[in-house]
Amino acid sequence: MPYDYDVLIVGAGPAGTACALGLAGSGLRVVLLDKAQFPRDKVCGDAIPSPALKALTRLNPAWAAELRELTAGHRTDMRTSRLVSPAGTGVSVHWQAPAFNSPRLHFDDALLTLVRRHTDTDIRENSSVKTVTADADGAAVQLADGTRLTARLLIGCDGAHSAVARALAPAPLDRARHCAAVRAYFEEVDDVPATTSDFLFLGRYRAGYCWVFPVGAGRFNVGFGMLSSDVARQKLDLKLVLQELLETHPHLVPRFTRARQLGPIQGFGLPLGGSARPLTGPRALLCGDAAALIDPLQGHGIDTAVISGLLAAEHAARCCAADTFDPTDLAPYA
Ligand SMILES: Cc1cc2nc3c(=O)[nH]c(=O)nc-3n(C[C@H](O)[C@H](O)[C@H](O)COP(=O)(O)OP(=O)(O)OC[C@H]3O[C@@H](n4cnc5c(N)ncnc54)[C@H](O)[C@@H]3O)c2cc1C
């Protein structure tokens, strides 16, 4: 059966771009689809964990250096995490491994620029996948404009509301393994060294925390997130909770007297790792949030997105070389 592509990646966030970078030089025909036009925003805390940067450095040190150049001006290197307990006790953790904060608007665009510069990937923005089908003979997606694309293997990197996962590896929402979080950008926040990320733990909202992260250019990503089952049980509106914290929390009030909010408070879900979600489906591998791989303790998922994208690339290359896509051939990826 003739296919349009060998590998069709849905979603050009950290998972999808890492996967495309991992397939560079494989000789495979790869397409990377995203419903958005980049640069595009993604609601996030914007803390890029060091394992993501390490994985990209292992793949290609020159590309990792280029990523730093591409994010210059929209990045702040992170040296310290300051943790504040509900009783107000603080402890600082100093990091050796390189990590930085960078707004996803810029970070994800930089990753896609690497794909554009260093791979033969066919990048298609403004390409929203509406339907996904797969069987023993191959996989196909239909886009919003009616275009149909076929491939030997699909890689679902399309985030927390993955169309690929919904169609090929459905799993019910488990609120005990899912977080809800909100964030807004601010400037003129006082008493936050440019290389320090703050985490505030709160007695009233135990399964979660509030954060203040400098993200470069004098801006701060300020947010609050907690376990979705607790949000539902306590009937919370997280946007109101964040506003209330900024107005009343003794560690925040003095620092936000001059602060100016830039844009609205926005929210999004975090599918946490440890759920029973399958990571493969017929002719499909899932990565990042589509596979529910977010660290359940701290809520970071950019690192697991990048790492799973790279692992999926390796596995896709193996399956394509052997021309075997049976469930038993895909299972080792999981
Ligand atoms: C409020 C909040 C704060 C967070 N803070 C952090 C943090 O500080 N550090 C951290 O490491 N993690 C954080 N996370 C988690 C992190 O944002 C995700 O784990 C990460 O974005 C996952 O990357 P991904 O590539 O799997 O998915 P995404 O980044 O969501 O990318 C998915 C891509 O798929 C595209 N797409 C979706 N549907 C379709 C479709 N049907 N057709 C075509 N394209 C589609 C989207 O446009 C998007 O570009 C946070 C999450 C939230 C909600």
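Against the definition (more than 6 Å from the ligand (Cβ to nearest atom), charged (D, E, K, R) and closer than 22 Å to R75 by Cα), how does D4 come out, yes or no? For D4, the condition - more than 6 Å from the ligand (Cβ to nearest atom), charged (D, E, K, R) and closer than 22 Å to R75 by Cα - is not met.
Residue selection: S275 satisfies the criterion of being more than 21 Å from L23 (Cβ to Cβ), among the polar types (S, T, N, Q) and in contact with a helix residue (DSSP H, G or I) (Cβ under 7 Å, 6 or more places away or on another chain). Pairing residues of the stretch 274-289 that are under 9 Å from L168 (Cα atoms) with residues that are among the hydroxyl-bearing types (S, T, Y), at Cβ distances under 8 Å and at least 6 apart in sequence or on separate chains, gives T280/Y333. In the stretch 163-177, the residue that is farthest from the ligand (Cβ to nearest atom) out of those that are out of contact with any strand residue (DSSP E or B) (no Cβ under 6 Å at 6 or more places or on another chain) and either assigned to a loop (DSSP other than H, G, I, E, B) or under 19 Å from L286 (Cβ atoms) (or both) is P172. Residues in the stretch 228-242: is at least one within 19 Å of the chain's Cα centre (by Cα) and near the ligand (Cβ under 8 Å from one of its atoms)? Checked the stretch 228-242: no residue is within 19 Å of the chain's Cα centre (by Cα) and near the ligand (Cβ under 8 Å from one of its atoms).
Kindly indicate whether R152 is more than 15 Å from the ligand (Cβ to nearest atom), at pLDDT 95 or above, assigned to a strand (DSSP E or B) and of a type outside the set (F, W, Y). Taking the combined requirement at face value, the residue satisfies it. Selection over the stretch 201-226 of residues that are touching a Phe, Trp or Tyr at 6+ places or on another chain (Cβ under 9 Å) and closer than 19 Å to P296 by Cβ gives a count of 11. Collect the residues in the stretch 283-309 that are at pLDDT 95 or above, more than 12 Å from the ligand (Cβ to nearest atom) and not basic (K, R), keeping them in residue-number order. The answer is A284, L285. Does the stretch 179-194 contain any residue that is surrounded by 21 or more Cβ atoms within 10 Å (Cβ to Cβ) and free of Cβ contacts under 8 Å to residues at least 60 places away in the same chain? So far as the stretch 179-194 goes, no, none of its residues is surrounded by 21 or more Cβ atoms within 10 Å (Cβ to Cβ) and free of Cβ contacts under 8 Å to residues at least 60 places away in the same chain. Take the conditions (1) closer than 30 Å to H74 by Cβ; (2) touching a Lys or Arg at 6+ places or on another chain (Cβ under 7 Å); (3) away from the ligand (no atom under 16 Å from the Cβ); V253 misses just one of them, which is (2). Here are some conditions: (1) at pLDDT 95 or above; (2) more than 11 Å from the ligand (Cβ to nearest atom); (3) more than 22 Å from L330 (Cα to Cα); (4) of a type outside the set (V, I, T). S26 meets all but one. Which one does it not meet? Just one mismatch for S26, condition (3). Pairs meeting the criteria (first residue in the stretch 105-123 and within 9 Å of L70 (Cβ to Cβ), second residue part of a strand (DSSP E or B), beta carbons under 6 Å, at least 6 apart or on different chains) are lacking. Residue pairs whose Cβ atoms lie under 6 Å apart, separated by 6 or more positions or on different chains, with the first residue in the stretch 302-318 and free of Cβ contacts under 8 Å to residues at least 40 places away in the same chain and the second more than 8 Å from the ligand (Cβ to nearest atom) and assigned to a helix (DSSP H, G or I), are H315/Y333. Annotation note: of L168, L153, L173, the sole residue that is surrounded by fewer than 20 Cβ atoms within 10 Å (Cβ to Cβ) and either outside the structural domain of L238 (by TED's automatic domain parsing) or under 25 Å from M226 (Cα atoms) (or both) is L173. L32 passes every criterion in (1) within 14 Å of the ligand (Cβ to nearest atom); (2) in a loop (DSSP other than H, G, I, E, B); (3) touching a strand residue (DSSP E or B) at 6+ places or on another chain (Cβ under 6 Å); (4) not acidic (D, E) apart from (2).
Exactly one condition in (1) acidic (D, E); (2) surrounded by fewer than 15 Cβ atoms within 10 Å (Cβ to Cβ); (3) within 10 Å of the ligand (Cβ to nearest atom) is not met by E69; state its number. It is condition (3) that E69 fails.
Scan the stretch 77-96 and tell me whether some residue there is within 15 Å of the ligand (Cβ to nearest atom) and either in a helix (DSSP H, G or I) or surrounded by 20 or more Cβ atoms within 10 Å (Cβ to Cβ) (or both). Yes: one or more hits. Exactly one residue out of G218, G225 is at negative phi, outside the structural domain of I123 (by TED's automatic domain parsing) and in contact with a strand residue (DSSP E or B) (Cβ under 6 Å, 6 or more places away or on another chain): that is G225.
The values are calculated or read from the model by the stated rules, or taken from the named source; none is laboratory data. As the structure is a prediction and not an experimental result, all values here were calculated from the model. Backbone-built Cβ (ideal geometry, glycine too); neighbour counts: all protein chains shown.
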